[in-house]
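Everything below concerns the one structure shown next.
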Amino acid sequence: MLELRIVTGSNVPLYQQIVDQVRWGVASGAHPVGTPLPSVRALAEQLVINPNTVARAYADLVREGVVETRAGKGCFVAEPRKVYADEERERRLDAALESFLSEALSLGYRGAAIRSAVEQRLARLESQGGTRKRERR
Amino acid sequence: MSQTNAPEAIRTDGLTRYFGSEAVVKDLTLAVPRGSVFGLLGRNGSGKTTTIRLLLGLLAPTRGSAVVLGSPCTNLSPETRARIGYLAEGHPVFGWMRVAAFGRFQAGFYPTWNEDVFQGVLRFFQIDARRRGRDLSRGERAGLCLAATLAPDPELLVLDDPAIGLDPVARRGLLEALLYVTRREGRTVLFSSHVLADVERVADRVAVLDRGVLRACCTVDAFRERVRRVVLRFSGAPPTLPEIPGLLSRWITDGELRLTIANYDAAVQRILEGLPLERMTAEPLGLEEAFLDYVGDRGERTFFLQGRRAEA
Amino acid sequence: MRAIAWKELREHLRWALLGLLANGLGLLVGLWPGRVPWSYFRSESLLSERFLALTTSQFAVWGGILGFLLVLRDHSGDRWSFLLFRPIRPGTIFQGKVLAAAALYFPSTLVPLFLAAGWAATPGHLAAPFDWRMSLAGLADALTGFVFCLAAMLTGLRQARWYATRAIGLVVAVLCAALVQEVREFGEALAAILVSAALLYGAAWEAFLARAGAARRPLPLRFALVAVLFTGLAALAEPAIELLALLPAPKRQTYSIYALTPQGEVCVIRYDHADYPPKLISAESLEGRPLELGTDRLSFWEKIVRGIYLDFEPGTRWADRYRDADRFFTRVGKWSTLEDGFYRFGARTVELYDRKDKRLLAIAGPQGFALPEHEGPPFPGELLLSVPNGPSFLVFADAAYGIDEASRRLTPHRMREPLVNAVWEGNSQGEGLIAACSRRELFLLRRDGRVLLSSPLRFTAPDYDRVECSMLPTGDRFFVWYFPSSSTTAPVPGKSVRLQLQEVTAHGEVVRTYALPVKRPALVQEPLSPLAALAALTPPPLCLANAIGRGLPADHPLAACAPLSLVSAAVFAVLAFWVCRRFAFRPSMCRGWAGAVFALGPLGLLAMLAAHEWPARLPCFRCARRRVVSRDTCEHCGAGLAPVAPDGTEIFDVEHQGTK
């Protein structure tokens, strides 16, 4: 089951928070392909938010290809596929890098430290994903 | 009855109410779409309660008109009133009445009263039906009011500041109840609130009233997307700003000018880029901050902190 | 409506029980045996002054409190909204409240009242006769209390800009209470109560609907409100106008009268009656010779010989209203004894009570005293006169009866022919004389039945209507004055009837006759004070009522004001028209109000101002003249409203702009 948390009062809209968390969950391997997502109504009632917000988040997730809808059954985590053109993907990566780097630099970290932190994190993610995959097999 | 199938649950046209020579609600024109959860925002005294009373026909408009569920608000028939659930501000209950008696009293007026819903909400708020109204806590009173408002299964739910005086748990219960209402197709909720977190959670659309004037009426996302904070960094002292359309507030700190701008667009961006800037970043705001800057005092804000620093 | 009525009933039940207790306690105090100083001359009964003072005041206060409670508890904005917004018509909520008010008020007043009546009706509780109609006064007061309840509801509900006009409903209730006190019959009191209650009910309904946000209220209700406002304003303003207009006594009358000196000499006295005792101006004999009557004010009035006035026809009993105990019985006998005697008009018997243990001791008829259980025949015919404070002396048409309560003896004095009228002139100790007349004869009697004078009536109706009998201090010379009927009314032109004075002996033989020209009061008109012009503010209908209803002379300021009041009413009507135009009323409304104000005078204008909610008038953005905020377009230049200037910070959806 998906464990989502939302925070009100932040400058990230609620639907964006859902999108981000689902995306992260899928990317990190916490939600393998085929995991069912709760219905819009159920998630709205679980999070106590407007169903339209959930619907909008799901629509974004479907558009991005993270999630697919199966008629009459609801939403499921989809096989990863390219939704964006290469150019767009690069732009988005660039934007993510920029905000990450500006934050890291302002905290006083410099090149080597940042690089090693990123690599450590990546390694951990891969190992987690690997165990999940093994289990599924 | 064809009128009742209009796409809007509420539509007002130039609705105005004066108390003496003071306009409390001024030329209000808005529409509440059927099936939406509509948040009415504004500071104290901005005319939210008056607007709600006007809509429900509890006050006669000085001018203008409003149509609620297809009927003019000045002439709501009992049948139309039966389709509207109204939760008055402050959760009024009759202190001497026991909870069960209160339910029976209210049930007598509504042909569509659903006792299961009433009991369900009472259970949700853990209210003992044998207690008297005056012995209930604020949250329990809110629960009782809510139960009585929801039990007739209203088509339109009008809540006047339902979260007032409630603790977080009771507030959460209230929101769940609101969402419960919208589960049925075509049920509309109009509520006024000060609690932006609640609005962010449940509202589709918001209207912002400022001293009786409607300043904004749009979806929640549009509202927060269109109020932007722009941080301008200057190398030297900030220059005098040119006229910026939609400027809500500015905040000067060392070498930095933070502007909150409504309807930020390319034209505004060009104006700002014309300034001798070192750096400029534009970012969306949280709903609460957007609202604060939106209805707060317009113009320049400098903290006394800065003055102290200058003296030091 | 039932649910609302039940809610109000239940909500105020505790108050009603409190009211019931308070009312019961009050009535108990009102009937508590024992005399209080101010009611010494009255007996203890349901019509005693103490009891009626309590019913009048406590029912009015209780009604008012209940009325305020019923509206003020739901007064605060949100409770009011909560109560009001439910799927029934607002009028139904109001009717539910009134129904609850009636259901709370009437039991809490009528139950103690019926208990009190039942207690009073039970023998051995009050030392006075009982008649069930004596409880009508309390009933009228209880009904009036409900008028106060409605008035309080109106006052509590009204949203008037002028706070003082909110209380006008209470003024109408006070006026109704005053009428209930004053009218003769219970039916008239009931009519006054019903009319006041209907008007106040309509006005309170109107006020309720106005508070409930109804833009249009039914016309009859608006009429009721205006009627209440006008009546209340008139009840407040009319006495004030009268007081101010008449404050400097506008005229002073000097009277000339014929009088007798103690020596039996007829004289003419001129005196000034501006204050009491009258001031002597001159005294001279018929021949014009000045008489010495003393110079100080009192002495002349005491020195002249005063007689007993007697009309040829009996007048109406002065106290004969439904709330006077004197309608049902009158006290007879000596007031200082331990036994109380009452003559009952209904049963035409005398009842004797033990004042201490409230027992009925005996009943007296023309055949003497009998025990209560052996009631004899009643006295025949109407009681003409009961002589106060002493051994009872009752005068009927065919006979007079001396009744000695102490020895239970009855002494009849037969008359030669049936009496028509009898009066008593004496002091509070019971000393004095009785004058009585038949169709042809005049008598002067002592209370022991001794006839001092019997003389044929020599001048009778229609030219003469009353006599004055005087007895000189020596007790052996009698004078009878015959007054022409015209002396009290306007003289008939071309006919002069003279005042006749005869000196007669005790057996009626005429010693001497004087035929004297009638003296009329010489009027000295003083210039009207400027304040008398205020009388012109009296509404024309009240002027008319003053002139006709109260029989004021034509030169009385309040009657003379009629033409002036028409002028002032016209001026105020124009003013009302102007005000209505300024507030851009419909033309028919302007004309209607102008007409109403013309009929009702300046107070009508005040009623109009108080009846409406006047919209603010603010400068028009185009023509800069003041315009009414409740209209969509400016009444001067037709411009719409100044659009709210957008400052670029508005955030609207495309959809929303589409609706604009």
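FYI, it's all coordinate maths here, none of it is from the lab. This is a predicted model, so every value here is computed, not measured. All Cβ positions, even for glycine, are placed from backbone atoms using ideal geometry, and neighbour counts span all protein chains on display.
Note: relative contact order over region A:14-129, using C-alpha pairs below 8 Å and six or more positions apart, is 26 percent.
Find the centroid of the Cα atoms in region C:386-411 and in region B:48-62, then give the distance between the two in whole Å. Answer, in whole Å: 78. Specify whether the C-alpha gyration tensor of region A:14-129 places it in the rounded, prolate or oblate class, a ≥ b ≥ c being the square roots of the eigenvalues: rounded for a/c under 1.5, otherwise prolate if a/b is larger than b/c and oblate if not. Verdict is prolate for region A:14-129.
Listed by chain and number, the aspartates and glutamates whose C-alpha is less than 14 Å from the C-alpha of B:K48, apart from same-chain residues fewer than 8 away, are B:D27, B:E89, B:D160, B:D161, B:D210, C:D78.
Can you give the longest stretch of chain C with no exposed loop site, where a site means chymotrypsin sites (Phe, Trp or Tyr not before Pro) in a DSSP loop (not H, G, I, E or B) with at most 11 other C-beta atoms within 10 Å? Answer from the scan: C:319-660. For chain C, what does the relative contact order come out to in percent, with C-alpha contacts under 8 Å and a separation of six or more? Taking the mean separation of contacting Cα pairs over the length of chain C, I get 9 percent. Basic side chains Lys and Arg get +1 at the Cβ, acidic Asp and Glu get -1 at the Cβ, and with that the dipole of chain B about its Cα centre reaches some 640 debye. Ordering B:Y294, B:T260, B:T219 by the projection of their Cα atoms onto the charge dipole of region B:153-312, which places +1 on the Cβ of Lys and Arg and -1 on the Cβ of Asp and Glu, puts B:T260 at the extreme positive end. Once the gyration tensor of the Cα atoms in the protein assembly as shown is diagonalised, the equivalent ellipsoid follows with semi-axes of 93, 36, 22 Å, ordered largest first. The angle between the Cα long axis of helix C:168-182 and the main principal axis of chain C comes to about 20°, on a 0 to 90 degree scale. To the nearest 0.05, what FRET efficiency results for B:R131 and C:L609 with a Förster distance of 51 Å applied to their C-beta separation? Rounded to the nearest 0.05, the efficiency is 0.55. Annotation for C:W578 and B:R233: the two label points, set 7 Å from Cα along the Cα-Cβ direction, are 7.2 nm apart. Computed from Cα atoms, the angle from the helix C:2-31 axis to the main principal axis of chain C rounds to 20 degrees.
With the Cα gyration tensor of region B:96-169 giving a ≥ b ≥ c as the square roots of its eigenvalues, does the rule (a/c under 1.5 for rounded; else a/b larger than b/c for prolate; else oblate) give rounded, prolate or oblate?
In terms of gyration-tensor shape, oblate.
Taking chain C as the region of interest, the number of lysine pairs whose Cα atoms are within less than 26 Å, with members eight or more places apart or on different chains, is 9.
With a ≥ b ≥ c taken as the square roots of the eigenvalues of the C-alpha gyration tensor of chain C, please select rounded if a/c is under 1.5 and otherwise prolate if a/b is larger than b/c or oblate if it is not? Oblate, since a/c reaches 1.5 and b/c is not below a/b.
Footprinting exposure proxy ranking of C:S336, A:S99, fewest other C-beta atoms within 10 angstrom first, gives C:S336, A:S99. Across chain B, the fraction of Cα-Cα pairs farther apart than 27 Å, rounded to a whole number, is 51%.
Note: relative contact order over chain B, using C-alpha pairs below 8 Å and six or more positions apart, is 18 percent. For chain A, the longest principal axis of the alpha carbon atoms and the long axis of helix A:111-136 meet at an angle near 40°. What FRET efficiency, computed as 1/(1 + (r/R0)^6) with R0 = 25 Å and r the Cβ-Cβ distance, is obtained for C:L17 and C:W132, rounded to the nearest 0.05? Result of the calculation: an efficiency of 0.35.
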